[in-house]
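Here's the structure, in structure tokens; my notes come after.
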Amino acid sequence: MTAPLPSRLRLDGAGWVEGARRVPSPNFDPRPPGMPVDLLVVHNISLPPGEFGSDDIEALFLNRLDPARHPFFATIHAVRVSAHFLVRRSGELVQFVSCQDRAWHAGQSAFFGRERCNDFSIGIELEGCDTLPFEPAQYDTATALTRLLLRAYPIGAVAGHSDIAPGRKTDPGPCFDWPRFARGAGLAPAMLPYRRGGAAA
């Protein structure tokens, strides 16, 4: 079943998107003072790996993942991570961290010489993996969200996690349709580092 996308997403004054389901994560902290938000980072995530539809992603971001539920969870349940947004396979939009705050999504990373990408980026996770196509509803939601964020913040570039952490991360992976995403979001080619020769580190 496809979750309906609100006809108009809105960003409130506190950095939360009206139209997204709000699930506040404790895994965030303030951005450095005066730091502009000028990068959007696209990820994929699935828990258990390659499986969709459970509440395990939310449990991870809320520090509630049960290590006994799956062998892989025993290796990650103590990790403290989050993202600003998650787009479920249905197209549902979930927000965990205010855009004004620093979510813990990028890890060790660099964008054209600028390290600590969490400081100046917004992270969007798509429920998916490197080996399966994403759903049309996910592109609809992700592009609508991106258009909203482009209006609200001085975002000058959109990168994949693999662009800012090459060799360490592969997401959003080869199945993510960058041209489709760029068209839907109205991105200029210069905003996409992968079109400028690959990794941005």
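The values are calculated or read from the model by the stated rules, or taken from the named source; none is laboratory data. Everything quoted here is computed from the prediction, not taken from an experiment. Note that each Cβ is placed from the backbone with ideal geometry, even for glycine, and that neighbours are counted across all protein chains shown. Ligands, DNA and RNA are stripped out before the accessible areas are found, and what is left, the full protein with its side chains, is counted by its heavy atoms. Shrake-Rupley method; radii C 1.70, N 1.55, O 1.52, S 1.80 Å.
Within segment 64-79, which residues are outside any loop (DSSP other than H, G, I, E, B) and free of Cβ contacts under 8 Å to residues at least 24 places away in the same chain?
Within segment 64-79, A74, T75, I76 meet the criteria.
Looking at segment 49-59 only, could you name the residues that are in contact (Cβ under 8 Å) with a residue 12 or more places away in the chain, open to solvent by 10 Å² or more (accessible area, probe 1.4 Å) and within 22 Å of G160 (Cα to Cα)?
P49, G50, F52, E58
Residues of segment 82-115 being among the β-branched types (V, I, T) and surrounded by fewer than 23 Cβ atoms within 10 Å (Cβ to Cβ), which ones?
V94
Answer yes or no: is there a residue in segment 17-27 that is touching a residue at least 12 places away in the same chain (Cβ under 8 Å), closer than 14 Å to H161 by Cα, open to solvent by less than 50 Å² (accessible area, probe 1.4 Å) and not in a loop (DSSP other than H, G, I, E, B).
Looking for residues that are touching a residue at least 12 places away in the same chain (Cβ under 8 Å), closer than 14 Å to H161 by Cα, open to solvent by less than 50 Å² (accessible area, probe 1.4 Å) and not in a loop (DSSP other than H, G, I, E, B), one finds none in segment 17-27, hence no.
I'm told P179 meets every condition in (1) in contact (Cβ under 8 Å) with a residue 60 or more places away in the chain; (2) open to solvent by 40 Å² or more (accessible area, probe 1.4 Å) except one. Can you identify the failing condition by its number?
Unmet condition: (1).
For residues that are out of contact with any helix residue (DSSP H, G or I) (no Cβ under 7 Å at 6 or more places or on another chain) and not in a helix (DSSP H, G or I), scanning just segment 178-201, find the one that is modelled with the highest pLDDT.
Filtering segment 178-201 for residues that are out of contact with any helix residue (DSSP H, G or I) (no Cβ under 7 Å at 6 or more places or on another chain) and not in a helix (DSSP H, G or I), the one modelled with the highest pLDDT comes out as L187.
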